[in-house]
1. If R0 is 35 Å, what FRET efficiency do you get for residue 174 and residue 300 from their C-beta distance, rounded to 0.05?
2. Report the per residue volume, in Å³, of the convex hull enclosing the C-alpha atoms of the range 198-311.
3. Could you tell me what fraction of 2.2 N^0.38 Å the Cα radius of gyration of the range 79-152 comes to, as a two-decimal ratio?
4. Would you work out the charge dipole size for the chain about its Cα centre, treating the Cβ of every Lys and Arg as +1 and the Cβ of every Asp and Glu as -1, and quote it to the nearest 20 debye?
5. Quick check on packing: order 9-17, 109-117 by the mean number of other C-beta atoms within 10 Å, highest mean leading.
6. Using r as the Cβ-Cβ distance of residue 195 and residue 116, and R0 as 35 Å, what FRET efficiency do you calculate, to the nearest 0.05?
7. Taking 7 Å along the Cα-to-C-beta vector as the label spot, tell me the residue 139-residue 159 distance in nanometres, rounded to one decimal.
8. Can you give the Kirkwood hydrodynamic radius of the chain from its Cα pairs, in Å with one decimal?
Amino acid sequence: MPPFPTVLISEVGPRDGLQSVKATMPTAAKLRWIDALYASGLREIEVCSFVPARLLPQMADAAAVVAHALTLPGLTVMALVPNLRGAEAAIAAGAHKLTVPVSASAAHSLANVRKTREQMVDEVRGIDALRRERAPQVQLEVGMSTAFGCTLQGLVPEDDVIRMAGELIAAGVDECGLSDTTGHANPAQVQRLFRRLRAEIGARAGAAHMHNTRGLGLANCLAAFEAGVRTFDASLGGLGGCPYAPGASGNVVTEDLVFMFEAMGVATGVNIDLLLAAREPLKAGLPGEPIYGMTPEAGVPKGFVQRASNV
């Protein structure tokens, strides 16, 4: 047993962040940024999504980005795949982990992937069959979008979320996490829903993906941690959001999340000084794009001692 708790920070900026901004970061700049994120100690990075370039030109270089990320020892290379065709491309590129966007909200599902929730569960079933046939070592997860509320639909019944989680596990996913895609969540809701999720699917309950749209991102992450969650998605500089969820800007800032956990004595494996340094290649690759974070502005407190990191 380690002497202190540990969490996994899954960096989603190179996918969730970059596909949410209008500008396209050049491939060489992406690779420099991913290298800097890796150098900080991050060991799971969502590097791209496999979608048609006409829909998301920011992700047109997905295969090249995966190829580079695979050269970084010990890194879990994750890619978002919205359908079977995307999964085929991601598996061919060599991604270690696939994440599928399945919405708890019926309205968001149609807007985001142009399929009903039921059709997406069928899609997941097909993706699971494909990876078992071609690459059984590849992991498959769902971070259920709009689990805490939806800008388009409004309230999302918690029973719908839990029922869908069970259906997705039955369809073959290894893990199902919950995403606050639209920034509706509050800490009491987060604790309640993650506890229900763990009661329903046990150890297959996955990551917390929180947004800071209404200033509750870190509070919601802490609530999820107290409910037993140990994997957290975050984006360097708070880059990103969801183009199909109006007003839902602002992923949780990786730098602030790492500082919060480390200050609590919870090890992240990430060197915070090197993490702050990773903002520079992000700024260089997206000049003029606003990025956020309280810890980068205030700095690390005098006397701050960090737990052992990966670097």
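1. So, using R0 = 35 Å, E works out to roughly 0.50.
2. Convex hull volume per residue, Cα atoms: 135 Å³.
3. On the way: Rg = 12.4 Å, N = 74, 2.2 N^0.38 = 11.3 Å.
Expressed relative to 2.2 N^0.38 Å, the Cα Rg reads 1.10.
4. Values: 27 positive and 30 negative charges, 38 e Å.
About 180 debye.
5. Averaged packing, sorted descending, gives the order 9-17, 109-117.
6. Calculated transfer efficiency: 0.80.
7. With each label placed 7 Å out from Cα toward Cβ, I get 3.3 nm.
8. Numbers: mean 1/r = 0.0523 Å⁻¹.
Computed over the chain, the radius equals 19.1 Å.
Every number in this text was worked out from the coordinates using simple rules, so none of it is lab data. Please read these numbers as outputs of a predicted model, since none were measured by experiment. Neighbour counts are summed over all protein chains in view; Cβ atoms, including those assigned to glycine, are modelled from backbone coordinates with ideal geometry.
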